[in-house]
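Step one of this worksheet: look at the structure below.
The values are calculated or read from the model by the stated rules, or taken from the named source; none is laboratory data. None of these values were measured; they are calculated from a predicted model. Neighbour counts run over all protein chains shown; Cβ positions are idealised from the backbone, glycine included. Each accessible area value is taken on the protein alone, full model and side chains, heavy atoms only, with ligands, DNA and RNA left out. Shrake-Rupley method; radii C 1.70, N 1.55, O 1.52, S 1.80 Å.
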Amino acid sequence: MNIEDTLKRVAKEYPATKVDKNKTEFKNNELVSFLSKGLPEYSQYVYNENLFVSNGSAGKGNWAAVPWIGVFDSEISKSAQRGFYIVYLFSADMQHVYLSLNQGWTLFHKKYKKNGAKKIRQVSEYFREKLIYSKNEYSGNIDLRWSDYKNTILPKGYELGNIISKEYSLNEIPSNDILENDLQKMIVILYQLHKLLIDTNNIESSISVILSKIDLENGLFNSQINENDSDEEVKLEEKPNTELKSAVFTGKPHKRNIELKQVKNSQLGMLGEKLVLTYEKNKLIKNGLINLAYKVDHSSKTKGDGLGYDIESFDSNGKKIYIEVKSTTGSKEEQFFLSETELQASEEYNNRYRLYRVFNVGSDEGAGLYIIKGNLKDNLSMEPVNYRALPKKEAN
């Protein structure tokens, strides 16, 4: 069943008043099951490698004042309670339906209590300004006509959480081609929002960053750190051991044969890079440089290997720095290997170059970090251990 037929069925069969809802059996009702399946054609939908899923709700045990059908980017939300998503919201009187870019009210209500309404409204307004869309085509307000339902706060949450929306009359539902086109455009806008989130693995943290940015713009946030303070705690989502602890290299190298097999340690390297990405974003946020935190770039992924560094970030003065990450499961005394490209990059960028040595990755005591700044030839003791070779003549 396509979008047009789905909306028409809900408009026709869903109880439109409190009296209707009290008279219509909820349990085993076919419409309840129908709504829960959402839009089947979007249940395994992929956009730009992001998996979208769809489901909906008529309520839990009783008819909801406002039924809904959602389309979720599974990386940033899988339910209407948390995260950011697209949703068709039906007004309580079954006269209108809104295609809404919305966000989970439950998170704000539980975390911020009395301030929840203010906070979710701030986030809505923030994205309304940041996203690119036709201002003439979308509205920032929705009216779900739920005044007769005083025993629920969800409709109010949907209204507050609305970022942008498009309204349809259920008496004059557009053709399915129009509805499909509108939904596709909203998916593109949601994808924009996805890319603006600073940490898609932690939506609550991303929301906190946005609210801190708003406070900063309003003159309410003034947290400062020194770039040389390397003891900032950083959460690592991939492992239970979640801290990067400051350390100083002792100058006593400990050789391990396992390090010679570093070509097999791509997963370890990626884990260390993700640690440093989080470390850098947190550093900038705590220094009040929230705009720059969004610009930290995982260059080895976005631009490819061979640059001589893995991450582009910024120092506490807002100047760009280039970071090469070297990770190990061993201690801070472990030796590490450098490429000629890395040495050349450190010479080229000099004072803007950083080598981040991440050690004890995955250990019980937690990962640690020390930083070497500038030209690596001036700051490291090095010895050649490998040679690039070709036969002088054709081998037999």
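Taking other residues whose beta carbon is less than 9 angstrom from the beta carbon of Leu355, and scoring Lys, Arg as +1 and Asp, Glu as -1, yields +2. Computed about its Cα centre, the charge dipole of segment 262-310 is approximately 140 debye, with only Lys, Arg, Asp and Glu carrying charge at their Cβ.
Take the cross-link list Lys110/Lys332; Lys8/Lys114; Lys37/Lys150 and give me the ones stretching past 31 Å between alpha-carbons.
Working: Lys110/Lys332 42 Å; Lys8/Lys114 38 Å; Lys37/Lys150 28 Å.
Pairs exceeding the cut-off: Lys110/Lys332; Lys8/Lys114.
Overall, the accessible surface of the chain at a probe of 1.4 angstrom is composed of carbon and sulfur to the extent of 45 percent. Labels on offer are [x] 22.9; [y] 27.1; [z] 19.5, and the one holding mean projected area of the Cα convex hull in nm² computed from this structure is [y].
Given R₀ = 25 Å, what would the calculated FRET efficiency be for Asn22 paired with Thr106, taking r from the Cβ atoms and rounding to 0.05? List each step's numbers first, then the result.
Details: r = 26 Å, r/R0 = 1.04.
My answer for the efficiency is 0.45.
Residues of segment 315-396: accessible area per residue at 1.4 Å, in Å²?
Numbers: 5050 Å² over 82 residues.
Computed with neighbouring chains in place, this is 62 Å² per residue.
Charge dipole of segment 1-105 (Cα centre as origin; +1 on each Lys and Arg Cβ, -1 on each Asp and Glu Cβ, all else neutral): 460 debye, rounded to the nearest 20.
Over all other residues within a Cβ to Cβ distance under 11 Å of Ile207, the charged ones net out to +2, with Lys and Arg as +1 and Asp and Glu as -1. Under the convention that each Lys and Arg Cβ holds +1 and each Asp and Glu Cβ holds -1, the size of the dipole of the chain around its Cα centre is about 760 debye.
FRET efficiency for the Glu333 to Ser134 pair, using the beta carbon distance and R₀ = 45 Å, is estimated at 0.15.
Positive end of the charge dipole of the chain (Lys, Arg +1 and Asp, Glu -1 on Cβ, about the Cα centre): tell me which of Ile311, Leu292, Val66 has its Cα farthest that way. Working it through, the farthest residue towards the positive pole turns out to be Val66.
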